[in-house]
1. Any idea how far apart residue B:125 and residue B:65 come out in nm if each label point goes 7 Å out from Cα toward Cβ?
2. Can you give the FRET efficiency for residue B:151 and residue A:34, using 1/(1 + (r/R0)^6), R0 = 51 Å, r = Cβ-Cβ distance, to the nearest 0.05?
3. What distance in nm lies between label points placed 7 Å from Cα along the C-beta direction at residue B:172 and residue A:71?
4. Which log10 I(q)/I(0) values, to two decimals, does segment B:1-53 give at q = 0.14, 0.24, 0.30, 0.31 Å⁻¹ under the Debye formula with one point per Cα?
5. Can you tell me the FRET efficiency between residue A:57 and residue A:163 if r is taken as the Cβ-Cβ distance and R0 is 30 Å, rounded to the nearest 0.05?
6. Bin width 10 Å, alpha-carbon pairs only: give the P(r) of chain A as whole percents, running from 0 to the bin holding the largest distance.
7. Between helix A:161-177 and chain A, what is the angle of the helix's C-alpha long axis to the longest principal axis, kept within 0 to 90° and rounded to the nearest 10?
8. For the pair residue A:128 and residue B:36, how long in nm is the line joining their label points, each one 7 Å along Cα→Cβ?
């Protein structure tokens, strides 16, 4: 099988090879377009996130996918599930807003405190040292949609770099070699 | 042409697309359902203290105490005019009791006082008597004493098997007031 596909490559002329490279480029750029388009539509810098911890069990397990929006017109309210970033941690956290205080309209500042459903204490221990509240600038998005299990693929990819390389190599080979 | 790999690939692709299609249909079948119910709330023994909040700023903040009753007939889910407790696309309900009020310092304060996770197998009828709050009712400042318009409402967040994550508030709210003097004795 492998030999036959390599023979295919050998038999290709320059034009065909270029065509394959271009179609590979099309796939990559359309994926990028979809991602960036989602960013514009949802207003969130990362519209799809994978749940990495069990702190929201039994609602969300490790490997579940969340769809986020972050429209400025919809203020954060208590009970919502927010995805936020904390200074000094690169992994965003998915937790629920438990307390919220909003100052008067003119200097519209909101501060809120989060907690994971499966945790017994609030998140002050997870925030940056000395940080007591989150504000809107910490928020990556609010969870709006849920899809189970799909994110396991990316978790495996991140945990086993070899697996990631193998998958990428296979896909790349397939696209370059495959002929309609 | 029909090697083992191409067959395995075809089966995998077909399985995945069928799964995706079924998941989407499952989401679609419940995307337009309305979730609503009647809730009766009552509060007793409202007390306010002024003590330092060591979990936050260490300044003296108002800390409210109350006990409450909740009675919901059932957490109803209306779906095409039929009523179910759980439809097939509900994995979990996160039920929470929110206190909402205004103070001089903040135009809006929302605090979750109590919550409960109800998973599929659980009884979705809530009838709670004389409950203490699960979380401390700390104000951000000193806005609880004599505050005569604190509203409580019950909300729930529906977590599906796959689909949207709606949050619904019960229409009926309960208002109460905190006493105009601090309590200094131990409770």
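Every number in this text was worked out from the coordinates using simple rules, so none of it is lab data. Keep in mind that what you see is a predicted model, and the values were worked out from it rather than measured. Here Cβ is always computed from backbone atoms with ideal geometry, including for glycine, and neighbour counts include all displayed protein chains.
1. With each label point 7 Å from Cα toward Cβ, the separation is 3.3 nm.
2. Plugging the Cβ-Cβ distance into 1/(1 + (r/R0)^6) gives 0.75.
3. Taking the two extended label points, one gets 3.2 nm.
4. Those come out to -0.69, -0.97, -1.08, -1.11, one per q.
5. The value I calculate is 0.75.
6. 8, 27, 27, 16, 12, 7, 2, 0
7. Relative to chain A, helix A:161-177 is tipped by roughly 40 degrees.
8. With each label placed 7 Å out from Cα toward Cβ, I get 4.5 nm.
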